Ligand code: SAJ
């Protein structure tokens, strides 16, 4: 590994393309702090571009899995690259932040507390650990989703205080938001543009050069860290707003006698309509959280974002609306929630991944259990040690059930053998589709009592 003085010379003064090449040649080593869904993917992509990468995580079990060549997350879009970088030793994991690395990238969780206020504890503690390990001439990048000012005030303050190095002249500091969509096989880290902002122009340029070692798409350098931090919040808040619009429309369509899925599909034939669909809740650790970071940043500056908080209220109410559909459908077959067996298909927060953080299915299941239902979960992506009441076989979940609730739009739930499920369920059975994945007319024809989020309770013609 090049001595730090040399790399720091490259890092601060040399042509950016040299930095890119040195990263790819393994001469500028990269340390990724935090190996969650985002950090692990980042470490793997840097390593697959040739970089020497050390991944750091507080979870010993995760570190040992990675060093044994076992990917700790089930994500089809990561599996192959992970195997190749671990076999050729491009990626090593540890619990201790290595000293005198040229590049440290912090990618740790930024959750909310019970009052929906941002929690920066992981960011501050990671910054302290990096500050103790870093030397003159290095680059530090924050990837975690934060509100404007965290990089240039909170992180910069900790790094300079603890390392006693001068930001800018002694080390570079930038913000580069992660743009990861777990399970997405189209938008991958190497073909997704990245927005980068530095505490100064040089920091931004160097950070862009480091990311170019694996990012083949554009690296867009914006004015400073604050702009880059705000861009990330805007991207995700935009999504939360549009999901709320789809959810609000869905509730109206149920009453107006329309099928929201048909309406949105048809509307999305217009060039300026970006389709979002209703769901039983907005899960994950990004979309439901980001709007609160944006509201906090705005509020600190005396600005209000009422539309965002309204959207959050709409989305946070969707598990309740879905529960109502279950109760309504059960009533149609002369049953109540209390005493009914309810099979919930899907605990992952979104299709075709194993992440259950903020899972709408689990939230609804918990409420149904409290109302006296016998709730059983089935999800081919989830593991039974993470979910109580999860069964490994679909038939075991559905056998004797009075209600089937589809809570996640896993691809395989679009081709369920409904005829078979009808045969093994209770003789009178309801099916509630929270994701618009089954055909209402087909389900009704099979004799299910059907309810669909955003779809009229009975056939659309009679309801209008
Ligand atoms: N959802 C809906 N209706 C929709 C889209 C999503 O109800 O039309 C629900 C999902 O089921 C899920 C939640 O919202 O429960 C979040 O869905 P998501 O696809 O946005 O999932 P995330 O959290 O993985 O979002 C990621 C984000 N990446 C990160 O910041 C980590 C976000 O940047 C992307 O916009 C998003 O993927 C994407 O575009 O797919």
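Gain in length, residue 393 to residue 336, computed as 0.36 nm per residue apart minus the alpha-carbon separation, to one decimal in nm?
On the way: separation 57, 0.36 × 57 = 20.52 nm, distance 2.53 nm.
Separation in residues times 0.36 nm, less the Cα-Cα distance, equals 18.0 nm.
Mind checking the full-extension length gain between residue 83 and residue 115? Use 0.36 nm per residue of separation minus the Cα-Cα distance, one decimal, nm. Write out the running numbers ahead of the final one.
On the way: separation 32, 0.36 × 32 = 11.52 nm, distance 4.07 nm.
So the extension gain works out to 7.4 nm.
How far is it, in nm, from the label point at residue 161 to the one at residue 324 when both lie 7 Å from their Cα along the line to the Cβ?
With each label point 7 Å from Cα toward Cβ, the separation is 4.9 nm.
Averaging sequence separations of C-alpha pairs under 8 Å and six or more residues apart, then dividing by the length of the stretch 311-446, give the relative contact order as a whole percent. All intermediate terms of the calculation are to be shown ahead of the outcome.
On the way: 236 pairs, mean separation 36.5, N = 136.
Over the stretch 311-446, the number comes to 27 percent.
Rounded, prolate or oblate: pick one for the stretch 104-242, where a ≥ b ≥ c are the square roots of the eigenvalues of its C-alpha gyration tensor, a/c under 1.5 means rounded, and failing that, prolate if a/b is larger than b/c, else oblate. Provide the component values of the computation, followed by the final result.
Details: a/c = 1.83, a/b = 1.21, b/c = 1.50.
Oblate, because a/c is 1.5 or more while a/b does not exceed b/c.
Angle between the Cα long axis of helix 37-48 and the longest principal axis of the chain, 0 to 90 degrees, nearest 10?
Between helix and principal axis, roughly 50 degrees.
Quick one: 185, 362, fewest Cβ neighbours within 10 Å first, how do they rank? Intermediate values should be presented prior to the final figure.
On the way: 185 10, 362 29.
In increasing order of surrounding Cβ atoms, one gets 185, 362.
Compute the relative contact order of the stretch 34-86 as a whole-number percentage, counting only Cα pairs closer than 8 Å that sit 6 or more residues apart in sequence. Each step should come with its number before you reach the end.
On the way: 41 pairs, mean separation 18.7, N = 53.
Relative contact order for the stretch 34-86 comes out at 35 percent.
Take residue 439, project a point 7 Å from its Cα along the Cβ direction, then tell me which residues of the stretch 349-375 have their backbone nitrogen under 18 Å from it.
none
Is the stretch 17-108 rounded, prolate or oblate when judged by the Cα gyration tensor, a ≥ b ≥ c being the square roots of its eigenvalues, rounded requiring a/c under 1.5 and prolate requiring a/b larger than b/c?
Numbers: a/c = 1.80, a/b = 1.29, b/c = 1.39.
Since a/c reaches 1.5 but b/c is at least a/b, the shape of the stretch 17-108 is classed as oblate.
When the convex hull of the C-alpha atoms of the chain is computed, what volume per residue in Å³ does it have?
Numbers: hull volume 66.4 nm³, N = 464.
Hull volume normalised by residue count: 143 Å³.
Let me check against my output: what whole-number percent is the relative contact order of the chain, with C-alpha pairs under 8 Å and at least 6 apart? Could the numbers behind the result be given before it?
Details: 985 pairs, mean separation 56.1, N = 464.
Relative contact order for the chain comes out at 12 percent.
Based on the inverse mean of 1/r over its pairs of different Cα atoms, what is the Kirkwood hydrodynamic radius of the stretch 328-414, in Å? Don't skip to the answer; put the middle values down first.
Values: mean 1/r = 0.0780 Å⁻¹.
So the Kirkwood estimate lands at 12.8 Å.
Hey, fewest Cβ within 10 Å first, where do 84, 359 land in order? Show your work: numbers first, answer last.
Working: 84 14, 359 29.
Fewest-to-most Cβ neighbours within 10 Å comes out as 84, 359.
Under a crude label model (7 Å from the Cα following the beta-carbon direction), how far is residue 124 from residue 275 in nanometres?
For the pair residue 124/residue 275, the computed spacing is 4.5 nm.
Enter the angle in degrees (range 0 to 90, nearest 10) between the Cα long axis of helix 306-316 and the first principal axis of the Cα atoms of the chain, meaning the one along which they spread out most.
Value to nearest ten degrees: 60.
Using helices alone, what [θ] at 222 nm do you get for the chain, with -39,500 (n - 2.57) per DSSP H run of 4 or more residues, divided over all residues and rounded to the nearest 500?
Taking each H run of at least 4 residues, the total per residue is -12000 deg cm²/dmol.
Once both labels are modelled 7 Å past Cα along the beta-carbon direction, what's the residue 417-residue 181 spacing in nm?
So the two model labels end up 3.3 nm from each other.
Mind sorting 212, 422, 445 by how few other Cβ atoms lie within 10 Å of their own Cβ, fewest first? Walk me through the numbers on the way to the answer.
Values: 212 21, 422 18, 445 11.
In order of increasing Cβ crowding within 10 Å: 445, 422, 212.
Run the numbers for residue 385 and residue 99: contour at 0.36 nm per residue of separation, minus the present Cα-Cα distance, in nm. Please list the in-between numbers first.
Numbers: separation 286, 0.36 × 286 = 102.96 nm, distance 3.64 nm.
Extra length available between residue 385 and residue 99 comes to 99.3 nm.
Compute the FRET efficiency between residue 25 and residue 446 as 1/(1 + (r/R0)^6), taking r as their Cβ-Cβ distance and R0 = 51 Å, and round to the nearest 0.05. Write out the running numbers ahead of the final one.
On the way: r = 61 Å, r/R0 = 1.20.
In this case the efficiency is close to 0.25.
Enter the mean projected area of the convex hull around the alpha-carbon atoms of the stretch 208-305, in nm², rounded to one decimal. Could the numbers behind the result be given before it?
Numbers: hull surface 36.9 nm².
Convex hull of Cα atoms, orientation-averaged projection: 9.2 nm².
With everything on Cα atoms, drop me the angle between helix 360-370 and the longest principal axis of the chain, reported from 0 to 90° to the nearest 10.
Compared with the principal axis, the helix lies near 50 degrees.
Specify whether the C-alpha gyration tensor of the stretch 185-246 places it in the rounded, prolate or oblate class, a ≥ b ≥ c being the square roots of the eigenvalues: rounded for a/c under 1.5, otherwise prolate if a/b is larger than b/c and oblate if not.
Numbers: a/c = 4.49, a/b = 1.44, b/c = 3.11.
Oblate, since a/c reaches 1.5 and b/c is not below a/b.
Every number in this text was worked out from the coordinates using simple rules, so none of it is lab data. Note that this is a predicted model, so its numbers are computed, not measured. When we count neighbours, we look across all protein chains shown, and the Cβ atoms used for this are built from the backbone with ideal geometry, even at glycine.
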